[in-house]
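S.K.: Could you have a look at this structure, given as structure tokens, before my questions?
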Amino acid sequence: MFPRTDTFIDQRRFPVGNRTRLIILYLLIPLLLALPLLPASEALAQQAVRSIDHDTLRTGDLFSYHLRLDDVEDFDEVIYPDSSGFGEEFIIRNKRVEPVPGGDSIIYSLQFFGVDTDRVPELYAGLREGDDTLFVVIPAVSFVYESRVDDEASELRPIKPIFPFFRSRWLLIFSLLALAVIAALLVYYFRERLFGRKSAPASVTKAAPAEPFQNPLDRLRNEIDRVGDTYPNPSAHPKSYYTELGDAFRTYFEETHDFPAMESTTREVIRTLEKKSSDEKVVQLISDILKEADLVKFARFRPNESQCNDVIRKAEHLAGRIAIIDRQRIEALRKEHELKQQRQHEVETRYDLG
């Protein structure tokens, strides 16, 4: 005889209530094991497809970057990558979003300004639903970087031999400086005996007129107009055209922001302005102008007439934005100049009175 079915579970060890709990536990175990296999959120199911239309890029080249995001219709907003995501080597010239079945397709028109980069960096797209934002990772895209400089020109020149210098020359230099300082002090203390005391004038000499304040913004605008008038056909002389236009802005920032912009590289100028200026548009415009000037000067980039006209329009737009942003800074420079002129006038007046 076969044993009764209910005897398979020892009733002495598992009473009726405990047997019910054991059966429920057996049913829950497969569900618990399957939970890690379920998607944690809809963002994990997102697919990001990206591509570029060039296999090889040179500094200054324009190319298209295609990005497609699937399954985004259930989200409130899609946050696409911006210029901060692409980095300094890629400038966004244009972008447009095209809806496609099951998702969105965005096409970026980018200009490449790198010299040692061989990939478009990894990007992130945000999917916002209510107060929550999920992120989709967009893998990097590789390409072949091709230099604009000929191979023969890029070869390293032989290193010249280092000629030794005698250390005794430093002793001679310090000795000459010490003699010069001593001579200057002697002339200062015995100037009355050497040159005689200046007689006081019969009447107070009229002080020289104060030097008027030279507004750096006015000089910048005049320089932009001069460059435009000097080069009616800028594409015929692109190097002089871009160099003088870039130097006009470097001179302005050196005078108003107090840093050596004329001796700094383009990257150093941009980084300094990012710290000193709170306006991102100003930084972006000056970055475009100086980088294009570097391409023309160092990478043999020859812009066409349309690109030359575009950069002069950028310069005029940047000057207008600077007039708003730096209004208080220029006013402070004006007050500082007037105070300096006043102090100089007081010194000259005391000297004339003896």
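S.K.: Roll a 1.4 Å probe over the protein chains and send me the accessible area per residue for the range 227-354 in Å².
M.R.: With the other protein chains kept in place, the range 227-354 gives 58 Å² per residue.
S.K.: What would the Debye formula give as log10 I(q)/I(0) at q = 0.10, 0.20 Å⁻¹ for the alpha-carbon point model of the range 39-144, no solvent?
M.R.: -0.29, -1.01
S.K.: Distance cut-off 21 Å, Cα to Cα: go down the list 95/314; 95/297; 275/297 and report the pairs above it.
M.R.: 95/297; 275/297
S.K.: Follow-up. Would you mind getting me the FRET efficiency between residue 133 and residue 275? Use the beta-carbon distance for r and R0 = 45 Å, nearest 0.05.
M.R.: 0.95
S.K.: Give the aspartates and glutamates reachable from residue 340 as a straight Cα distance under 13 Å; neighbours fewer than 8 places away on the same chain don't count.
M.R.: Residue 340 reaches 211, 348.
S.K.: Using only alpha carbons, build the gyration tensor for the range 218-351 and give me the equivalent ellipsoid semi-axes, biggest first, whole Å.
M.R.: Listed largest to smallest, the semi-axes of the range 218-351 are 32, 17, 14 Å.
S.K.: I'd like the FRET efficiency for residue 305 and residue 341, computed as 1/(1 + (r/R0)^6) with the beta carbon distance as r and R0 of 56 Å, rounded to 0.05.
M.R.: That pair, residue 305 with residue 341, gives E of 0.75.
The values are calculated or read from the model by the stated rules, or taken from the named source; none is laboratory data. The structure presented is a predicted model; accordingly, all values stated were derived computationally and were not measured. Note that we place each Cβ from the backbone using ideal geometry, even for glycine, and neighbour counts take in every protein chain shown. Ligands, DNA and RNA are excluded from the accessible area calculation, which covers all protein heavy atoms including side chains. Shrake-Rupley method; radii C 1.70, N 1.55, O 1.52, S 1.80 Å.
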